[in-house]
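Here the structure is laid out as structure tokens; the discussion comes afterwards.
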Amino acid sequence: MKGQYVVLSELNAEFLVPERKRLMDFSLKNHNAMRLYKVCTLILFIAAWQTVDLINSELKLYNPLLIPSPFDIAKKASALWSSGALQKHIVASVTRVILGVLMAFPPAIVLGIGIARSRLVEVVFEPLIELIRPIPPLAVLPMFILWFGIGELSKLVFIAFAAFYIIMTTVMLSAANIDVVLIRAARTLGINGWRFYSTIVFPAISPDLFVGVRLGLSAGFVVIVASEFIAADVGLGYMINYARAYFRVSDMFVGALTIGFIGYSVNMLLMLVERRIFNWRINDER
Amino acid sequence: MQKTLKLRFDRVDMVFARPNQPPVQVLKSISFEVGAGEFLCLLGPSGCGKSTILNIAAGLIRPSAGTVTAGSHLVTGPGRDRGVVFQEYALFPWLTVRENVVLGAKSGAGKVDRARVDHFLKVTGMYDHRDKYPKELSGGMKQRAAIARTLANDPEIILMDEPFGALDPYTREALQDQLIEIWRASRKTILFVTHSVEEAAYLAGAVILLKAHPGELKAVIKNEVSWPRERASEELIGIERAIRRAERT
């Protein structure tokens, strides 16, 4: 009995030790500090890069034309921005991605829900979809260009193709996993037919659908560049490829970083919206 | 006097086929009747198929043999005439309490009777919580909202599948009393599944005792103790004793 007491008090003692003052607080409570540290990492990285560039300008370790310094890239970006060229490319690329994902949206929803909830739709469409799924979108881009021309349409179809699989798969999994009890409750309440889909299935899958759209947009930004490499006269992919032809490495960096930045911002924005509109979700403890 | 029947099971069998295993008989020749305004409890150990009986009555699953009649028609699928209260509450998480109840009230006619919705929210004590989402509610409140939703749909018979099984004892007793109040005021027919002898003895007008493997009717114990009943009273303990005695035989 006594031994047990000692052990217990020793255990408790550990909790009672005053917390050591640390240089950096990595505890879970300190959410904002963590964010700050992460920003510091980025700043340190850029500073280090700039320093290496400075050293290199003295020692000539590598060809500075191949790897411009952060300062050069920023300068280039601001030049491209003030000339209006960067905005033009951004608008073109973003418009293509959004339109492409919008094109993928209706068939992805209908087939995703259909396959999950109807044996007939599953039998007819699933084998075909699974057959095409493993094909990388890039592999079909040349065919799309033959079929849809080198204009806007081939790029939109290409992005839609890449986004379709992601949205459809999320919708399908989500619709297949709707809580059986909710479906039974709906049935016993006399909710049938179209009403069943509009008032039960659609709201139930809407958070996952939103995630699907978010991932679909990300996929769109991943593949847009490739299609703009091949046939385009505007867009960030075109900008990068054009810069390659004229050996403007800073322009290439600006283009790549811009796509990354847009992709990141769109994702963050949608995550924010998602948390807002789906606050009814049960496991929403973030 | 001929009583109006609300639900009738006639020699219902249920056999579940299993892949690579012999089929399992869950229900064997189940027959019973529920008259209008009755409060009937299905009581038995787990594996006796009491939830299966309820699901068959709801039309959610089809029996392998036998017939189920609700009112004057054969049960072939789920219908508004048979409302179900699930143990897992089954509230739609994207709707507020009120919207959940409205969904029940809207199912048939198309138009929503606001006064009716409010009435059932008040009856179940959920009126003050009507704009909350299910995730903001405790288990007891969720079940009260689910009961309000079922009542608003105005079913002929209410099927309850261990509705208070997941609640703590205090909340359970409070909800039992509330249910009895609603039942006595509305004279609805209720078929109530439970595995608690105490709960069955307190609530039911008649207890159907089932045995397991396969699920078969074992005994029917009438409970004519008049309302208001007192928990742990001599009479109710007598009923409990009768149930337990029947269980052992």
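The values are calculated or read from the model by the stated rules, or taken from the named source; none is laboratory data. As the structure is a computational prediction, the values presented were derived from the model and not from experiment. No Cβ is skipped: glycine too gets one built from the backbone with ideal geometry, and neighbour counts run over all protein chains shown. For accessibility, only protein heavy atoms count, side chains too; no ligands or nucleic acids. Shrake-Rupley method; radii C 1.70, N 1.55, O 1.52, S 1.80 Å.
Just to check your reading of the model, which residue among A:ILE109, A:ILE129, A:ILE145 is within 21 Å of A:GLU228 (Cβ to Cβ) and part of a helix (DSSP H, G or I)? Let's see the steps before the verdict.
On the way: A:ILE109 fails: within 21 Å of A:GLU228 (Cβ to Cβ); A:ILE129 fails: within 21 Å of A:GLU228 (Cβ to Cβ).
Of A:ILE109, A:ILE129, A:ILE145, the one residue that is within 21 Å of A:GLU228 (Cβ to Cβ) and part of a helix (DSSP H, G or I) is A:ILE145.
Within segment B:64-80, can you find the residues that are buried (at least 19 other Cβ atoms within 10 Å of the Cβ) and either among the aliphatic types (A, V, I, L, M) or assigned to a strand (DSSP E or B) (or both)?
Within segment B:64-80, B:VAL68, B:ALA70, B:VAL75 meet the criteria.
How many residues are more than 10 Å from chain A (Cβ to nearest Cβ), among the hydroxyl-bearing types (Ser, Thr, Tyr) and farther than 20 Å from B:GLU38 by Cα when one looks only at segment B:53-103?
Qualifying residue count, segment B:53-103: 3.
Under 9 Å between Cβ atoms, at least 6 apart or on separate chains: pull out the pairs that start in segment B:34-46 with a residue that is without any contact (Cβ under 8 Å) to a residue 60 or more places away in the chain and end on any residue that is assigned to a strand (DSSP E or B).
none
Can you run down the residue pairs with Cβ atoms below 8 Å, 6 or more apart or on separate chains, where the first is in segment B:178-200 and within 21 Å of B:ALA58 (Cα to Cα) and the partner is small (Gly, Ala, Ser) and assigned to a helix (DSSP H, G or I)?
As it stands, the answer is B:LEU191/B:ALA57; B:PHE192/B:ALA200; B:VAL193/B:SER51; B:THR194/B:ALA200, since those pairs meet every condition given.
Open to solvent by less than 40 Å² (accessible area, probe 1.4 Å), closer than 17 Å to A:ALA186 by Cβ and either in contact with a helix residue (DSSP H, G or I) (Cβ under 9 Å, 6 or more places away or on another chain) or at pLDDT 85 or above (or both) - does that describe any residue in segment B:160-181?
Scanning segment B:160-181 turns up at least one residue that is open to solvent by less than 40 Å² (accessible area, probe 1.4 Å), closer than 17 Å to A:ALA186 by Cβ and either in contact with a helix residue (DSSP H, G or I) (Cβ under 9 Å, 6 or more places away or on another chain) or at pLDDT 85 or above (or both).
Restricting the first residue to segment A:249-271 and requiring it to be open to solvent by less than 40 Å² (accessible area, probe 1.4 Å), which pairs with a second residue that is outside any helix (DSSP H, G or I) meet a Cβ separation below 8 Å and a spacing of at least six or different chains?
Partner pairs satisfying both residue conditions: A:VAL249/A:LEU65; A:VAL249/A:LEU66; A:VAL249/A:ILE67; A:VAL249/A:PRO68; A:SER250/A:PRO68.
Report yes if B:LEU209 is surrounded by 15 or more Cβ atoms within 10 Å (Cβ to Cβ), touching a strand residue (DSSP E or B) at 6+ places or on another chain (Cβ under 9 Å) and among the aliphatic types (A, V, I, L, M), otherwise no. Spell out the reasoning first.
Working: surrounded by 15 or more Cβ atoms within 10 Å (Cβ to Cβ): yes; touching a strand residue (DSSP E or B) at 6+ places or on another chain (Cβ under 9 Å): yes; among the aliphatic types (A, V, I, L, M): yes.
It is true that B:LEU209 is surrounded by 15 or more Cβ atoms within 10 Å (Cβ to Cβ), touching a strand residue (DSSP E or B) at 6+ places or on another chain (Cβ under 9 Å) and among the aliphatic types (A, V, I, L, M).
Can you name the condition, by its number, that B:ARG187 falls short on among (1) open to solvent by 30 Å² or more (accessible area, probe 1.4 Å); (2) within 14 Å of B:PHE164 (Cα to Cα); (3) of a type in the set (D, E, K, R)?
(2)
Out of segment A:196-216, which residues are open to solvent by less than 20 Å² (accessible area, probe 1.4 Å) and either among the basic types (Lys, Arg) or more than 12 Å from chain B (Cβ to nearest Cβ) (or both)?
A:LEU209, A:GLY212, A:GLY216
Between residues in segment A:150-175 that are of a type in the set (Asp, Glu) and residues that are open to solvent by less than 30 Å² (accessible area, probe 1.4 Å) and assigned to a helix (DSSP H, G or I), which pairs lie under 7 Å by C-beta distance while being six or more apart or on different chains?
Close Cβ pairs satisfying both conditions: none exist.
The conditions are (1) farther than 17 Å from A:VAL157 by Cα; (2) over 19 Å from the mean Cα position of the chain (by Cα); (3) open to solvent by less than 20 Å² (accessible area, probe 1.4 Å), and A:ASP233 fails exactly one of them. Which is it?
For A:ASP233, the failing item is (3).
Residues that are modelled with pLDDT of 90 or more: find the helices (runs of 4 or more DSSP H) completely inside segment A:182-286 holding 3 or more of those.
Numbers: elements: A:193-196, A:202-230, A:236-245, A:249-277.
Fully inside segment A:182-286 and qualifying: A:202-230, A:236-245, A:249-277.
Give B:LYS122, B:LYS132, B:LYS142 a once-over and let me know the one that is over 30 Å from B:ARG244 (Cβ atoms), outside any helix (DSSP H, G or I) and among the basic types (Lys, Arg). Let's see the steps before the verdict.
Details: B:LYS122 fails: outside any helix (DSSP H, G or I); B:LYS142 fails: outside any helix (DSSP H, G or I).
The unique qualifying residue is B:LYS132.
What number goes with the only condition from (1) without any contact (Cβ under 8 Å) to a residue 40 or more places away in the chain; (2) touching a helix residue (DSSP H, G or I) at 6+ places or on another chain (Cβ under 8 Å); (3) more than 21 Å from A:GLY190 (Cβ to Cβ) that B:GLY125 does not pass?
In the conditions (1) without any contact (Cβ under 8 Å) to a residue 40 or more places away in the chain; (2) touching a helix residue (DSSP H, G or I) at 6+ places or on another chain (Cβ under 8 Å); (3) more than 21 Å from A:GLY190 (Cβ to Cβ), B:GLY125 misses (1) alone.
Residue check: is B:PHE9 open to solvent by less than 30 Å² (accessible area, probe 1.4 Å) and part of a strand (DSSP E or B)? Full working, then the answer.
Details: open to solvent by less than 30 Å² (accessible area, probe 1.4 Å): yes; part of a strand (DSSP E or B): yes.
Criteria met by B:PHE9.
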